[in-house]
Amino acid sequence: MTALKLNNLVKRYGDFTAVSDLSLEVPKGSIYGFLGPNGAGKTTTIRMILDIVKPSSGDITILGADSAMDVRNRIGYLPEEKGLYKKMKAWAIIAYFARLKGMPSSEAKTRAFELLERYGLGDFANAKVETLSKGMGQKVQVLASIAHRPDFVILDEPFSGLDPSNQQVMEQVISDLNKEGATIIFSTHVMSHAERICDRILLIASAKKVFDGTVQEAKDLLPPRVRVAGEFSSVQLIELPSVNGCNIDEDGMLNIDISNGCTPQQLMSECFDAQLTLESFEYRQPDLHDVFLHLVGEEAKVATLR
Amino acid sequence: MNNSFIIAGREYADNARTKGFWINLLMFPIILVASIKVPQLLEEKAIPTRDYILIDQSGELGDVVQLAVDRQYAAKVAEALSSYYMANAKGGVAKEIDLEKMPSGGLDGMMSDFLEQDPGALDLLMQPGAIESAVAMMKFGLNDDAPEFTEPRRPFSKVDVPTNIISVDELATIDSGEIVSRLRPYLLGDEYLTTDENKLFAVIIIPQNAAEQVKRGGTAGLIQKLDEKDGVQFWAKNLADMSLSRAISSALNEHLRTNEYQRLGVDEEIVSQVKSTQMLFTSFDPSKDEGEEKVSMADTIRQYAPLGFVYMMWIAIFTVVNMLLNNTIEEKSNRIIEVLLSSATPWEIMSGKLIGIAGVGMTMMAGWVLSMIGVLMYMAGPQVEWASTLLEVISNSGLLPLFGLYYLCGYLIYSGLFLAIGSLCSTIKESQNFMGTATVILMVPLMTMVFVARDPNGTLAQVLTWIPLYTPFVMMNRAAADPPAFDMWGSAILMLVTIVTMLWVSSRIFRIGILRTGQPPKLVELFKSLTKSLKNQ
């Protein structure tokens, strides 16, 4: 089952292409991470999915409809820039957005109090938004976007501006929603969140899709990495059969590219056989951070400078 | 459409809860009550009885002056008595006063006309016990629970010159310059005559030969040499309160003329009869039915009452329309609009805002009108007779429903405009650029208000009527003057067409503007994107 399907989506603003030829399928019940450097086109894509912005070409199918407007009561949305009506009470604002999504008003009120209680804001239910801290306000907004029990949730940068413990609560919210059967898309540039929560990720850079697949698939793009240090030179290392190549990184450690079909264990025993004195031997799977830098590294830097 | 009402409900609650709204709502009746009560209170309490000194060396004119002061007080008593009667008469006041029959000068006018013709009528009231017997005569016509009649305070009271300042022997001969120099510190308020610190208000000096200091008309007057020192002198620091000096001077002139008639052998009786003759002079209004053409008090109020409505409408429209502008900008600047857009169509958002704020405006207006009627009903009575007149005009003339209609139209025209401005600006500051121009345009109906009221079917009124932005104000202004049917219906149709167009264009601009960030677009850009969005349809 597909919850969302993007077909050759393009968005141009004059000469500037914000999103170029993007196709994507989001399976129902999955958690999909939209990753990419600043200005890559994540927010524009999300706005097109929501039918707030019309695509220049291409089409979108969401929950079986051609426009998110037709199924808007089943969609929840948290925009990138957070803001709320300052004079409203926390519960009222949650109930208000739930009602806009078709929830009867009495049910919306109960639901608002229940959510605030569940995510640690029970004491602030009757506080005006302007008296809440930024993090609390953001939590209220997240709750407002999911109060109507949506089938499809789009969260744009849900973690930005939250302290570590609230980030954890946010992760909890997402996993709770997922357990209730909702499909979730969220954008972030904090890789550790994506790695922990996502089933699948989409990587966009400079308006183009760079990668789309499971987290494991992303990690497999890079070979396992071994870093060693010791009283030997890189020339001695390269002579070993399981070493394909190596280079020295900023910390003075040697990064080793292992030959195809070889394992780190093999490399280690070869080192012992060659009587190389190892001071440290580090072996790890690449994480999303490495993949991200590998795939969009140069562009990310350019984008940040821009 | 359901979403429109949810949005409207929030807008209403959000704005109706602000302090500004309540201040607005309460300010109006408070100002109204204050504008009626404060002058009354001032008259009753704040102005103390004023002391004056009268030094008469002529032995003749002093009595005339004293009589004038007494008559002035008697007129006040007469007024108080009639107010007292009307306030407490059985069956209420309304039956007693027929507005349509009352001349346009009102009750005060009638009273002063009467007294001018026959000042002696007041002398009766000055007899000892006269007030008591007048009250006793009224008793039968009064309600049982009528309060006791209290005599008004004397505005002026005569005090004698303390003998330590001017001795009794000196009094008859002392030079007027000397009198003034001795009393000057008292007149200036540096010293007090009495222990209760009542300032000396005035000193009236009548020198010995004052009666002969007569200015004559005709050629004889040209060669006269008169010295002000020899005439009657009125010394007072407070030049603003002229009631005493006027009363005295007119009484002296009256006395002089009576003497002159006697000197010339003219019968005084005949003179007073001649003086009270009058030509019959009546104002008529040609637009009224036969037999009803007489211009009454109610007519005068009816012509000017719309002014108040126009003013109220102007303030209310710009208050609520500004709420609309600020709300829209708030939603834009903190990006709530994005969440709204994912939940409702731009049209639902816009109509929701329009309905919600219209509700706020209607509440405010209902509050004002009801409190106005309440205040007028409470105040209505002989003291503020215009209040009852106004009340009657408002409830009878059909101005009120017209007002409601024009108010709604005005709101719809301007709300579209301001909503569009709001959707194009990201900050209040940016919107101020637009507001400057808008305010200039909006000032026009306010500035021309009085001119239109004075000539409700004149050229200015007609021209402004056909400018849709001004139609609601100008037509309200003209409402009481029976504008031609063509002006009324024609302008109404034009106004409705404008409203529909305005809202339609605004909804387009709203759609485009609402997601924009950064600088507001140039007019050309705006036009381009408008036409583009039309083509896309």
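Contact list please: Cβ distance under 6 Å, first residue in segment A:95-120 and at the interface with chain B (Cβ under 10 Å from one of its Cβ atoms), second residue of a type in the set (Val, Ile, Thr), pairs at least six apart or on different chains.
Cβ pairs passing all conditions: A:ARG99/B:ILE6; A:LEU100/B:ILE6.
Give the residues of segment B:462-478 that are surrounded by fewer than 24 Cβ atoms within 10 Å (Cβ to Cβ) and among the hydrophobic types (A, V, I, L, M, F, W, C), sorted by residue number.
Selection gives B:VAL463, B:LEU464, B:TRP466, B:ILE467, B:LEU469.
Of the residues B:ILE7, B:ILE31, which is surrounded by 14 or more Cβ atoms within 10 Å (Cβ to Cβ), farther than 21 Å from B:ASP160 by Cβ and of a type in the set (Val, Ile, Thr)?
Exactly one residue qualifies, and that residue is B:ILE7.
With A:GLY39, A:GLY33 as the choices, which residue is open to solvent by 30 Å² or more (accessible area, probe 1.4 Å) and either assigned by TED's automatic domain parsing to the domain that holds A:HIS193 or without any contact (Cβ under 8 Å) to a residue 40 or more places away in the chain (or both)? Even if it seems obvious, please write down each step before you answer.
Details: A:GLY33 fails: open to solvent by 30 Å² or more (accessible area, probe 1.4 Å).
Being open to solvent by 30 Å² or more (accessible area, probe 1.4 Å) and either assigned by TED's automatic domain parsing to the domain that holds A:HIS193 or without any contact (Cβ under 8 Å) to a residue 40 or more places away in the chain (or both) holds for just one of A:GLY39, A:GLY33, which is A:GLY39.
Would it be correct to say that B:ILE373 is surrounded by 20 or more Cβ atoms within 10 Å (Cβ to Cβ) and assigned to a helix (DSSP H, G or I)?
So B:ILE373 fails the test.
Got at least one residue in segment A:149-156 being more than 24 Å from the chain's Cα centre (by Cα) and outside any helix (DSSP H, G or I)?
So the first thing to find is which residues in segment A:149-156 are more than 24 Å from the chain's Cα centre (by Cα), and the list is none.
Within segment A:149-156, not a single residue is more than 24 Å from the chain's Cα centre (by Cα) and outside any helix (DSSP H, G or I).
Would you be able to say whether some residue in segment A:83-92 is open to solvent by less than 10 Å² (accessible area, probe 1.4 Å), within 11 Å of chain B (Cβ to nearest Cβ) and assigned to a helix (DSSP H, G or I)?
Within segment A:83-92, not a single residue is open to solvent by less than 10 Å² (accessible area, probe 1.4 Å), within 11 Å of chain B (Cβ to nearest Cβ) and assigned to a helix (DSSP H, G or I).
Can you report the number of residues in segment B:332-352 which are in a helix (DSSP H, G or I), facing chain A (nearest Cβ under 9 Å) and in contact with a Gly (Cβ under 8 Å, 6 or more places away or on another chain)?
Of the residues in segment B:332-352, 2 are in a helix (DSSP H, G or I), facing chain A (nearest Cβ under 9 Å) and in contact with a Gly (Cβ under 8 Å, 6 or more places away or on another chain).
Residue check: is A:MET136 in contact with a Pro (Cβ under 6 Å, 6 or more places away or on another chain) and either of a type in the set (A, V, I, L, M, F, W, C) or over 30 Å from A:ALA18 (Cα atoms) (or both)? Step through it out loud before you land on a result.
On the way: in contact with a Pro (Cβ under 6 Å, 6 or more places away or on another chain): no; either of a type in the set (A, V, I, L, M, F, W, C) or over 30 Å from A:ALA18 (Cα atoms) (or both): yes.
No, not satisfied.
Just to check your reading of the model, which residue among B:ASP169, B:ASP160 is exposed (fewer than 14 other Cβ atoms within 10 Å of the Cβ), in contact (Cβ under 8 Å) with a residue 40 or more places away in the chain, within 29 Å of B:LEU256 (Cα to Cα) and out of contact with any helix residue (DSSP H, G or I) (no Cβ under 7 Å at 6 or more places or on another chain)? Even if it seems obvious, please write down each step before you answer.
Working: B:ASP169 fails: in contact (Cβ under 8 Å) with a residue 40 or more places away in the chain.
Answer to the selection: B:ASP160.
When you scan segment A:180-249 for helices (runs of 4 or more DSSP H) that lie fully inside it, which ones turn up with 3 or more residues that are touching a residue at least 60 places away in the same chain (Cβ under 8 Å), open to solvent by less than 60 Å² (accessible area, probe 1.4 Å) and within 23 Å of A:GLY39 (Cβ to Cβ)?
Working: elements: A:191-197, A:215-220, A:234-238.
Ranges flagged: A:191-197.
Of the conditions (1) more than 20 Å from B:GLU330 (Cα to Cα); (2) surrounded by 23 or more Cβ atoms within 10 Å (Cβ to Cβ); (3) more than 10 Å from every other protein chain (Cβ to nearest Cβ), A:GLY76 fails just one. Which one is it?
(3)
Kindly check whether there is at least one residue in segment A:234-245 that is hydroxyl-bearing (Ser, Thr, Tyr) and in the same structural domain as A:VAL19 (by TED's automatic domain parsing).
We begin by selecting, within segment A:234-245, every residue hydroxyl-bearing (Ser, Thr, Tyr); these are A:234, A:242.
From what's left, in the same structural domain as A:VAL19 (by TED's automatic domain parsing): none.
Within segment A:234-245, none of the residues are hydroxyl-bearing (Ser, Thr, Tyr) and in the same structural domain as A:VAL19 (by TED's automatic domain parsing).
So that you can scan it fast, the table gives a plain yes or no per residue for (1) buried (at least 23 other Cβ atoms within 10 Å of the Cβ); (2) out of contact with any Lys or Arg (no Cβ under 8 Å at 6 or more places or on another chain); (3) more than 8 Å from every other protein chain (Cβ to nearest Cβ):
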position	(1), (2), (3)
A:THR43	no, yes, yes
A:MET48	yes, no, yes
A:ILE60	no, no, yes
A:VAL71	no, yes, yes
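With the condition kept exactly as written, say whether any residue in segment B:492-505 is at pLDDT 85 or above and over 25 Å from B:ILE421 (Cβ atoms). Break it down stepwise before answering.
Just the residues of segment B:492-505 that are at pLDDT 85 or above, to begin with: B:492-505.
In the following step, the residues that additionally are over 25 Å from B:ILE421 (Cβ atoms) were identified as B:492-493.
Yes; the residues of segment B:492-505 include at least one that is at pLDDT 85 or above and over 25 Å from B:ILE421 (Cβ atoms).
Taking segment B:418-440, which residues are at pLDDT 85 or above and open to solvent by 30 Å² or more (accessible area, probe 1.4 Å)?
Matches in segment B:418-440: B:VAL440 only.
State yes or no: is B:TYR378 over 29 Å from A:ALA95 (Cβ atoms), open to solvent by less than 30 Å² (accessible area, probe 1.4 Å) and among the hydroxyl-bearing types (Ser, Thr, Tyr)? If you could, list the steps in order and put the result at the bottom.
Values: over 29 Å from A:ALA95 (Cβ atoms): yes; open to solvent by less than 30 Å² (accessible area, probe 1.4 Å): no; among the hydroxyl-bearing types (Ser, Thr, Tyr): yes.
The answer is no for B:TYR378.
Here's the yes/no breakdown for (1) touching a residue at least 40 places away in the same chain (Cβ under 8 Å); (2) within 14 Å of another protein chain (Cβ to nearest Cβ); (3) under 30 Å from the mean Cα position of the chain (by Cα):
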site	(1), (2), (3)
B:PHE5	yes, yes, no
B:PHE21	yes, yes, yes
B:MET27	no, no, yes
B:VAL38	no, no, yes
B:SER58	yes, no, no
B:GLN66	yes, no, no
B:ASP70	yes, no, no
B:VAL77	yes, no, yes
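Just a yes or no: is a residue in segment B:336-355 farther than 21 Å from B:ALA16 by Cα and within 39 Å of the chain's Cα centre (by Cα)?
No, there is no match, as no residue in segment B:336-355 is farther than 21 Å from B:ALA16 by Cα and within 39 Å of the chain's Cα centre (by Cα).
Exactly one condition in (1) in a strand (DSSP E or B); (2) in contact with an Asp or Glu (Cβ under 9 Å, 6 or more places away or on another chain); (3) among the aliphatic types (A, V, I, L, M) is not met by A:ALA40; state its number.
So the condition that A:ALA40 fails would be (1).
Return yes when A:ASN8 is outside any strand (DSSP E or B), away from chain B (no Cβ under 14 Å) and open to solvent by 20 Å² or more (accessible area, probe 1.4 Å) and no when it is not. Steps first, please.
Values: outside any strand (DSSP E or B): no; away from chain B (no Cβ under 14 Å): yes; open to solvent by 20 Å² or more (accessible area, probe 1.4 Å): yes.
Judged against the criteria, A:ASN8 is not a match.
The values are calculated or read from the model by the stated rules, or taken from the named source; none is laboratory data. Just so it is clear, the structure is predicted and the values come from calculations on it, not from any experiment. Every residue, glycine as well, gets a Cβ built from its backbone with ideal geometry; the counts of neighbours run over all protein chains shown. Areas reflect the complete protein model, heavy atoms only, side chains present, ligands, DNA and RNA absent. Shrake-Rupley method; radii C 1.70, N 1.55, O 1.52, S 1.80 Å.
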